[in-house]
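A.B. asks: The structure is given below, and queries will be raised subsequently.
The values are calculated or read from the model by the stated rules, or taken from the named source; none is laboratory data. Since the structure is predicted, the reported quantities are computational estimates derived from the model, not experimental observations. Cβ placement follows ideal geometry from the backbone for every residue including glycine, while neighbour counts extend to all protein chains displayed. Each accessible area value is taken on the protein alone, full model and side chains, heavy atoms only, with ligands, DNA and RNA left out. Shrake-Rupley method; radii C 1.70, N 1.55, O 1.52, S 1.80 Å.
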Amino acid sequence: MQMKTCEYILHHLLPPVRYACLLVPELTLSILTSSNPLWHVPYEEAMTKLDRSDPWWAFLWPGSQGLSRYLLDNKSLIRGRHVLDIGCGCGASAIAAKMAGAMNVIANDIDKDALIATCHNARLNNITIDKYSSDNILENSLLTFKKNTIDMLIIGDMCYDDQLAKQILNLIIVARQYHIHVLLADPGRYSFKSIVFNQLNDKMKCTCEYPIVDRDYIESDFKTIQIWTT
């Protein structure tokens, strides 16, 4: 049996959701929410119907919600920027950056299905993302910063385990060496606090905090999404 393509999933199993997130009602996205029947069946059954294992690009994670909101609320900070969205997932933050007036946006994710989802969702919002990249930037950030004109790095909810948090820490350190402005959104994950913030606490500041208002994406005891900047 042929595996369902990402395009098939987006067009047939994840119809566009207008006002897809309470915190960012401006966005229309093909994502899995409680309005979709798949949300209400056992996880294994939903994954079988999607013909995928853990399609992270089918969800709008709390950090991405907060980051998208911050970008749209601070257009003067984003306007004219050359933005790299790493781990773009469904593309919400990359789309928000373009909506906010970024001159150039690179959407990056090692999962090529996430890039397909980002392109699809960008079209739903009448937005054009300038470049798509599946490079593993966490392993070779230096080359990425040398090859591309980037002056802003946005990171939405990437610190969900220690290994990734260590890679994000190194990425931010290199970005700072290139004078690249960093915006990172996190809902209070332990790996962010114990690794990234622990090492960069004198270089990062919390510039904004949003409540998690969308009940679809309540995780653990997270209640807010913090936006950190360097």
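A.B. asks: Looking only at residues that are of a type in the set (A, V, I, L, M, F, W, C) and either in a loop (DSSP other than H, G, I, E, B) or touching a residue at least 40 places away in the same chain (Cβ under 8 Å) (or both) in the range 41-61, which one is farthest from Gly87 (Cα to Cα)?
C.D. replies: The selected residue is Val41.
A.B. asks: A follow-up question, please. Under 6 Å between Cβ atoms, at least 6 apart or on separate chains: pull out the pairs that start in the range 137-158 with a residue that is without any contact (Cβ under 8 Å) to a residue 60 or more places away in the chain and end on any residue that is open to solvent by 10 Å² or more (accessible area, probe 1.4 Å) and polar (S, T, N, Q).
C.D. replies: Partner pairs satisfying both residue conditions: Ile137/Thr144; Leu138/Gln167.
A.B. asks: Looking at Trp39, is it in contact with a Gly (Cβ under 9 Å, 6 or more places away or on another chain) and at pLDDT below 95?
C.D. replies: no
A.B. asks: Please go through (1) surrounded by fewer than 24 Cβ atoms within 10 Å (Cβ to Cβ); (2) not in a strand (DSSP E or B) for Tyr132 and return the number of the only condition it doesn't satisfy.
C.D. replies: With (1) surrounded by fewer than 24 Cβ atoms within 10 Å (Cβ to Cβ); (2) not in a strand (DSSP E or B) applied to Tyr132, the lone miss is (2).
A.B. asks: Suppose the filter is closer than 25 Å to Phe59 by Cα, out of contact with any Phe, Trp or Tyr (no Cβ under 7 Å at 6 or more places or on another chain), modelled with pLDDT of 95 or more and surrounded by fewer than 18 Cβ atoms within 10 Å (Cβ to Cβ); does Lys166 pass it?
C.D. replies: Answer is yes for this residue.
A.B. asks: Further, regarding this structure: Can you tell me which residue in the range 27-86 is nearest to the chain's Cα centre (by Cα), limited to those that are basic (Lys, Arg) and farther than 18 Å from Lys112 by Cα?
C.D. replies: So, considering only residues that are basic (Lys, Arg) and farther than 18 Å from Lys112 by Cα, the one nearest to the chain's Cα centre (by Cα) is Arg69.
A.B. asks: Could you give me the residue pairs with C-beta distances under 8 Å whose first residue belongs to the range 214-225 and is under 10 Å from Cys21 (Cα atoms), whose second residue is open to solvent by 100 Å² or more (accessible area, probe 1.4 Å) and modelled with pLDDT of 65 or more wherever it lies, and which are 6+ apart or on separate chains?
C.D. replies: Pairs that qualify, where the first residue is under 10 Å from Cys21 (Cα atoms) and the partner is open to solvent by 100 Å² or more (accessible area, probe 1.4 Å) and modelled with pLDDT of 65 or more, are Asp214/Leu22.
A.B. asks: Related question: Taking only the range 11-40 into account, find how many residues are over 19 Å from Leu71 (Cα atoms), open to solvent by 40 Å² or more (accessible area, probe 1.4 Å) and out of contact with any Ser or Thr (no Cβ under 7 Å at 6 or more places or on another chain).
C.D. replies: Number satisfying all stated conditions: 7.
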